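**Q** One structure follows; several queries about it will come next.
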């Protein structure tokens with residue numbers, strides 16, 4: 001399975017909001033600059049994220065976006081599914097409207113695809129935006145320590 005730019009950029013943008021949420025709502029322009037993503041593309045992504053209930057917006061000159069919930073309540077899986085749809089590796093194991101083929105009753109490989117789907121969902125649902133913010137802080141504070149000998 002390979003994620004499209006929608007999923008990858010969406011996670012980066014949501015993480016950007018989580019990191020900068022203490023500053024209030026975050027403009028798409030500032031996200032675009034920090035993440036080097038087209039502002040027009042972000043507008044498309046955020047329309048979907050807003051419709052999915054993951055972000056809210058404030059209009060106006062000082063407007064922007066903010067998380068619709070706490071960072072610990074928003075899983076990476078929810079972001080990816082909002083933007084990418086099902087994370088199932090093949091159509092026959094989709095969570096909704098699975099496509100059945102003529103060999104479905106005797107398909108041994110379906111077990112593989114179901115396990116892959118379940119493990120992918122388990123992995124992305126076990127990581128929250130809060131987890132990523134903590135990793136970001138660890139990575140960006142490592143040079144701030146003063147060592148004395």
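**Q** All but one of (1) closer than 24 Å to residue 85 by Cβ; (2) over 18 Å from the mean Cα position of the chain (by Cα) hold for residue 23; which doesn't?
**A** (1)
**Q** Another question about this same structure. What is the one condition in (1) assigned to a helix (DSSP H, G or I); (2) surrounded by 14 or more Cβ atoms within 10 Å (Cβ to Cβ); (3) modelled with pLDDT of 95 or more that residue 40 does not satisfy?
**A** It is condition (2) that residue 40 fails.
**Q** Which residue pairs have Cβ atoms closer than 7 Å, lie 6 or more positions apart in sequence or on different chains, and pair a first residue in the stretch 97-120 that is touching a residue at least 40 places away in the same chain (Cβ under 8 Å) with a second residue that is in a loop (DSSP other than H, G, I, E, B)?
**A** 116/89; 120/1; 120/87
**Q** Does residue 134 qualify as being under 15 Å from residue 12 (Cβ atoms), assigned to a helix (DSSP H, G or I) and free of Cβ contacts under 8 Å to residues at least 60 places away in the same chain?
**A** In short, no.
**Q** Determine if the stretch 15-34 includes at least one residue that is at pLDDT below 95 and over 28 Å from residue 140 (Cβ atoms).
**A** no
**Q** Out of 57, 21, which single residue is without any contact (Cβ under 8 Å) to a residue 60 or more places away in the chain, surrounded by 13 or more Cβ atoms within 10 Å (Cβ to Cβ) and part of a helix (DSSP H, G or I)?
**A** Just one listed residue meets the conditions, 21.
**Q** What residue, among those in the stretch 99-115 that are in a helix (DSSP H, G or I) and touching a helix residue (DSSP H, G or I) at 6+ places or on another chain (Cβ under 8 Å), is surrounded by the fewest Cβ atoms within 10 Å (Cβ to Cβ)?
**A** Of everything passing the filter in the stretch 99-115, 104 is surrounded by the fewest Cβ atoms within 10 Å (Cβ to Cβ).
The values are calculated or read from the model by the stated rules, or taken from the named source; none is laboratory data. Small disclaimer: the values here were computed from a predicted structure and weren't measured. All Cβ positions, glycine included, derive from the backbone under ideal geometry; neighbour counts span all protein chains shown.
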